[in-house]
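Let me begin by presenting the structure, written as structure tokens, before commenting on it.
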Amino acid sequence: MNQYQKELIKATIPILRSNGEDLTSYFYTRMFTHHPELKNIFNMGNQANGKQKSALANAVLAYAENIEDPSVLINVLKGIGTKHRSLNIQQEQYKIVGTQLIASIGEVVGEAATPEILEAWTIAYNQLAQIMIDLEKELYKENAAKPGSWNGWRNFIIKKITDESSEIKSFYLYPEDGQPITDFQSGQYISVHVFVPELGFMQPRQYSLSSAFNPEYYRISVKKEMGVASNPAGLVSNTLHSKSEGDIISISAPAGLFHLEKDSENPLVLISGGVGLTPMLSMLETNVNSIQNKKTVWVHGCRNESVHAFKDQIASLKEEVKWLETFTFYDSLESTNNQSDQIIEGRVDLTKCKEAILLEDAKFYICGPEIFIKKQYQSLIDLNVNQKNIFYEEFGPQVINLN
């Protein structure tokens, strides 16, 4: 790409800022019309709630803004590539997306999309696609080299289902072929691929692994998402909650950049909202099984006691060990008698436990809804925590970038 073409790309930035979501909404409609088979790969729930078009619009804008040096986006691209590996995205699918994206730019922008601009964007897209293809090729290669690992989808039997709260169930997944399964880092996720009867096609979703590694099975803990306002009910979570022990589902090998640092001896502060506690459970169990038993502060918030998953397990562990301290925030308490130093009424407020969490050299991990992550991240910054020690996992498409 020459400098003149880069200038053409930069000239489209104002359009992307003001009409980026219109463009990406049109693009997805166009692509699924021409290639309906891709509905088996893309999260149609995020299509319905608008998160996917927002994420793509932000990504296209960021690429245009950094067209002089796309390498500054490498950490974001690694996260996308890791998710693509878990979804078994292939090179030919980049060609489809490119064709549909360039056509969409021409049709949405109209006369302003001159042949020169479309040519520049074609070159720019192909450059980005090649970066992603090369990155993912290495991820597939690294994953295939791990003992017990696999690329693509592999069938697992749901051998056990347990109720963890009024809306969260745990699923214990054993390999159908009886062969070994690969290890993972605490905090990582798997992709699940199931047929959704209401849609008539397959759908993928990512779910954090909710236990320390066990060589016999993987465990995920899934909240049954109910529809509210413009946000439709969780198609895959409801499908999973209708499953029975003995049913078979397909999953990918573990993936994800949000995880405990290997061999780190830093204290841990685990901050979660709702079902965001799932990767934290994996981290906590891993700490239980380690020699280090790092000082850990568990901060969790949810609506009330009935939806609080794993509360008994956490309470029992706290009684058994000296290195764990817990703080639970309920939006509402059933009785004021339940309030204590560790059970607090209201949304998670880190200032109410700051003496406990401000540990020297601590690593802070946050997981939950977008608004929860932003609030807790800012609270930590306000408490003078170094942002390099703050890590977060956003469920769904990446739409926030705080570090």
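The values are calculated or read from the model by the stated rules, or taken from the named source; none is laboratory data. Keep in mind that what you see is a predicted model, and the values were worked out from it rather than measured. Neighbour counts are summed over all protein chains in view; Cβ atoms, including those assigned to glycine, are modelled from backbone coordinates with ideal geometry.
Of all residues being in a helix (DSSP H, G or I) and polar (S, T, N, Q) in the stretch 286-318, which is nearest to the chain's Cα centre (by Cα)? Just the residue, please. Please lay out each step first, then the result.
At the first step, the residues of the stretch 286-318 found to be in a helix (DSSP H, G or I) are 286-289, 305-307, 311-318.
Retained after the next criterion (residues that are polar (S, T, N, Q)): 286-287, 289, 306, 313, 316.
Working: 286: 20, 287: 22, 289: 25, 306: 25, 313: 25, 316: 29 Å.
Here the answer is 286.
Which residue, of 75, 58, is without any contact (Cβ under 8 Å) to a residue 12 or more places away in the chain and assigned to a helix (DSSP H, G or I)?
So the residue among 75, 58 that is without any contact (Cβ under 8 Å) to a residue 12 or more places away in the chain and assigned to a helix (DSSP H, G or I) is 75.
Filter the stretch 80-118 down to residues that are surrounded by fewer than 15 Cβ atoms within 10 Å (Cβ to Cβ), more than 24 Å from residue 33 (Cα to Cα) and within 24 Å of the chain's Cα centre (by Cα), then give me how many there are.
Here the count works out to 0.
Please go through the stretch 132-161 and pick out each residue that is in a loop (DSSP other than H, G, I, E, B) and without any contact (Cβ under 8 Å) to a residue 24 or more places away in the chain.
Step one: filter the stretch 132-161 for residues in a loop (DSSP other than H, G, I, E, B), giving 145-153.
Correct list: 145 only.
Looking at this structure, is residue 166 farther than 29 Å from residue 37 by Cβ, among the polar types (S, T, N, Q) and modelled with pLDDT under 95?
Working: farther than 29 Å from residue 37 by Cβ: yes; among the polar types (S, T, N, Q): yes; modelled with pLDDT under 95: yes.
Criteria met by residue 166.
Any idea which of 203, 188 is closer than 29 Å to residue 75 by Cβ, buried (at least 16 other Cβ atoms within 10 Å of the Cβ) and at pLDDT below 95? Give the steps one after another, and end with the answer.
Numbers: 188 fails: at pLDDT below 95.
Within the list 203, 188, the selection yields 203.
Give the number of residues within the stretch 267-305 that are surrounded by 22 or more Cβ atoms within 10 Å (Cβ to Cβ) and among the basic types (Lys, Arg).
0
Which strands (runs of 3 or more DSSP E) sit wholly inside the stretch 162-249 and have at least 2 residues that are of a type in the set (Lys, Arg) and outside the structural domain of residue 84 (by TED's automatic domain parsing)?
On the way: elements: 168-175, 189-196, 201-208, 218-223.
Of the strands (runs of 3 or more DSSP E) lying wholly inside the stretch 162-249, those with at least 2 residues that are of a type in the set (Lys, Arg) and outside the structural domain of residue 84 (by TED's automatic domain parsing) span 218-223.
Which residue pairs have Cβ atoms under 8 Å apart, sit 6 or more places apart or on different chains, and have a first residue in the stretch 162-179 that is in contact (Cβ under 8 Å) with a residue 40 or more places away in the chain and a second that is surrounded by 19 or more Cβ atoms within 10 Å (Cβ to Cβ) and acidic (Asp, Glu)?
Pairs found: 170/164.
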